[in-house]
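Contents: one structure, followed by commentary.
The values are calculated or read from the model by the stated rules, or taken from the named source; none is laboratory data. It should be emphasised that the depicted structure is a prediction, and the values quoted were computed from it without experimental measurement. As a convention, Cβ positions derive from the backbone with ideal geometry for all residues, glycine included, and neighbour counts pool all protein chains shown. With ligands, DNA and RNA removed, areas are computed over all heavy atoms of the protein, side chains included. Shrake-Rupley method; radii C 1.70, N 1.55, O 1.52, S 1.80 Å.
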Amino acid sequence: MLKYSILFVAFSLLQTTHLSSAVTVLGNTDAVTCFNHARMGYSSKSSIITCRNVFSEKAVTKDVLAGTRVNLGIIYNNGLKPTLALKEFKIAILNKSVESEALLNQGNSLFLLNDLSGALEKYDESLKLNIRDSSAVFFNKGLVFEKMNNMKEAVRFYKKAISLNPDLVLFFNKKKQLIKDGVWDKINEREES
């Protein structure tokens, strides 16, 4: 039972290895539910439908529509559907109010597609636009460099991310335990094949 629990934790960790930047939407609407589903890492069909319902609401601002597109893209990324996510981010990025978040999440989609240089470009663009949560960008850049086997750069970006958001240490503690248990390498091998 413990073995299955560890594998579940490892799989859950892989589903959320990159940090997203959900766009906050206030109120009591489908847009808020979509935001919460993106923030919580959901990827279900009902989450997608809830987000899509926002596009047919009449009294929704352009900013809320753009934010919902970012959040829907995050939900697609959570479900390992980065191509669908990129379509949403491409539309959302036209709205300046969510541009930096859309760029960060485009980077996440490219990471999932193994376009590591493209991911780095998007992360850098989001930094240039002064994204609110730059720790997410630095953390994700660390993931890219780790995947490229450039541990020196990975550690540099991880340290920068942790200095901005000390809660990120929890990820590294979980990863350390998975490595110790031999699960981390097994999962990475399956992911690469």
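For this structure, a couple of remarks:
- Verdict on residue 110 being under 22 Å from residue 40 (Cα atoms) and modelled with pLDDT of 95 or more: yes
- Filtered by the rule that a residue be open to solvent by 50 Å² or more (accessible area, probe 1.4 Å) and either polar (S, T, N, Q) or over 24 Å from residue 133 (Cβ atoms) (or both), the stretch 45-73 gives 45, 46, 49, 52, 53, 55, 56, 57, 58, 59, 61.
- Just one of the numbered conditions (1) within 21 Å of residue 165 (Cβ to Cβ); (2) open to solvent by less than 80 Å² (accessible area, probe 1.4 Å) is not true of residue 76: (1).
- Top-ranked residue in the stretch 143-182 [being among the acidic types (Asp, Glu) and closer than 18 Å to residue 121 by Cα; ranked as surrounded by the most Cβ atoms within 10 Å (Cβ to Cβ)]: 146
- In the stretch 152-164, the count of residues that are outside any helix (DSSP H, G or I) and out of contact with any His (no Cβ under 9 Å at 6 or more places or on another chain) is zero.
- Residues satisfying the stated conditions in the stretch 93-142, i.e. outside any helix (DSSP H, G or I) and open to solvent by less than 20 Å² (accessible area, probe 1.4 Å): 131
- Annotation note: Cβ proximity below 7 Å between a residue of the stretch 115-129 that is touching a residue at least 12 places away in the same chain (Cβ under 8 Å) and a residue that is open to solvent by 70 Å² or more (accessible area, probe 1.4 Å) (sequence gap 6+ or interchain) occurs for 116/147; 116/148.
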